[in-house]
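Student: Here's a structure for you.
The values are calculated or read from the model by the stated rules, or taken from the named source; none is laboratory data. These figures come from a predicted structure and were not determined experimentally. A quick note on method: Cβ atoms are made from the backbone with ideal geometry, for glycine too, and the neighbour counts reach across all protein chains shown. Remember, those area values only see protein heavy atoms, side chains included, never the ligands or the DNA or RNA. Shrake-Rupley method; radii C 1.70, N 1.55, O 1.52, S 1.80 Å.
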Amino acid sequence: MTLTREIVATWRGPGAVVSRLYAQGVREDRALMMLMAACALFFVAQLPELARKAHLEGAELNPRLGGALLAWLVIAPLGFYLIAFVVHLLARLFGARGTAYGARLALFWALLASSPLVLLNGLVAGFIGAGPALTLVGMAWFAAFLWFWLSGQVVVTRGVAA
């Protein structure tokens, strides 16, 4: 399936999509692509809010953009790799049969598949600002992300593939 179809399918059944991806074998290139695409979308989602804050504060926008770019495309991927490794170690501690690749796949796919809500969150932050709408969209993203990640993690820790 194409990437966009897989994202839509994840909203219907995240475990099945992760199972299909996991069954394709260890593909570190694909996992890295998912992570970098998710991080790039997270960066793009921040642009409206950064522009709003720079305008309201009368500050320069470019340094904010540079900092966000560095954070999302250099530092955040390293943090996500670390999170996936720690989750894998914890799962192994509790008797899971999954692989470190599976833990990375579940996390990275959850980030990418939940990115439409991150983009919506960025628009709300940029056009409306802080308030109940931003909180609601942020909570919706976090709930979707957890649903996708935990569903995928269950699949890969059991070592189940389609």
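Student: Could you check how many residues of the range 29-44 are in contact with a helix residue (DSSP H, G or I) (Cβ under 7 Å, 6 or more places away or on another chain) and farther than 18 Å from V118 by Cα?
Tutor: 1
Student: What are the residues in the range 1-57 that are open to solvent by less than 50 Å² (accessible area, probe 1.4 Å), under 18 Å from Y81 (Cβ atoms) and within 14 Å of the chain's Cα centre (by Cα), if any?
Tutor: V18, A31, M34, L35, A37, A38, C39, A40, F42, F43
Student: Let me ask something additional. So which of L136, L73 ends up being closer than 30 Å to G25 by Cβ, open to solvent by 40 Å² or more (accessible area, probe 1.4 Å) and in contact with a helix residue (DSSP H, G or I) (Cβ under 9 Å, 6 or more places away or on another chain)?
Tutor: Checking each option against the conditions leaves just L73.
Student: Moving on to the next point. Check Y81, Y22 and return the single one that is under 17 Å from V156 (Cα atoms), touching a Lys or Arg at 6+ places or on another chain (Cβ under 8 Å) and of a type in the set (F, W, Y).
Tutor: Working: Y22 fails: touching a Lys or Arg at 6+ places or on another chain (Cβ under 8 Å).
Selected residue: Y81, the only one of Y81, Y22 that is under 17 Å from V156 (Cα atoms), touching a Lys or Arg at 6+ places or on another chain (Cβ under 8 Å) and of a type in the set (F, W, Y).
Student: List every residue pair whose Cβ atoms lie under 7 Å apart, where the two residues are 6 or more positions apart in sequence or sit on different chains, the first residue falls within the range 45-70 and is under 25 Å from S114 (Cα atoms), and the second residue, located anywhere, is charged (D, E, K, R).
Tutor: Here the result reads L50/R64, each pair linking the range 45-70 to a residue that is charged (D, E, K, R).
Student: Would you confirm whether any residue within the range 130-141 is out of contact with any Leu (no Cβ under 8 Å at 6 or more places or on another chain), of a type in the set (S, T, Y), in a helix (DSSP H, G or I) and modelled with pLDDT of 90 or more?
Tutor: Yes, because at least one residue in the range 130-141 is out of contact with any Leu (no Cβ under 8 Å at 6 or more places or on another chain), of a type in the set (S, T, Y), in a helix (DSSP H, G or I) and modelled with pLDDT of 90 or more.
Student: Of all helices (runs of 4 or more DSSP H) completely enclosed by the range 1-102, which ones contain at least 3 residues that are among the acidic types (D, E) and either over 25 Å from G122 (Cβ atoms) or at pLDDT 85 or above (or both)?
Tutor: On the way: elements: 3-12, 14-23, 28-57, 62-70, 76-93.
Those helices (runs of 4 or more DSSP H) span 28-57.
Student: Quick one: in the range 98-109, which of the residues that are over 15 Å from M33 (Cβ atoms) and among the aliphatic types (A, V, I, L, M) is surrounded by the most Cβ atoms within 10 Å (Cβ to Cβ)?
Tutor: My answer is A106.
Student: G95 passes all but one of (1) open to solvent by 30 Å² or more (accessible area, probe 1.4 Å); (2) on the phi < 0 side of the Ramachandran plot; which number fails?
Tutor: (2)
Student: I would also like to ask the following. Test L123 against the criterion of being under 22 Å from P14 (Cα atoms), open to solvent by 10 Å² or more (accessible area, probe 1.4 Å) and either out of contact with any Lys or Arg (no Cβ under 8 Å at 6 or more places or on another chain) or in a helix (DSSP H, G or I) (or both), and give yes or no.
Tutor: Spelling it out, it is not the case that L123 is under 22 Å from P14 (Cα atoms), open to solvent by 10 Å² or more (accessible area, probe 1.4 Å) and either out of contact with any Lys or Arg (no Cβ under 8 Å at 6 or more places or on another chain) or in a helix (DSSP H, G or I) (or both).
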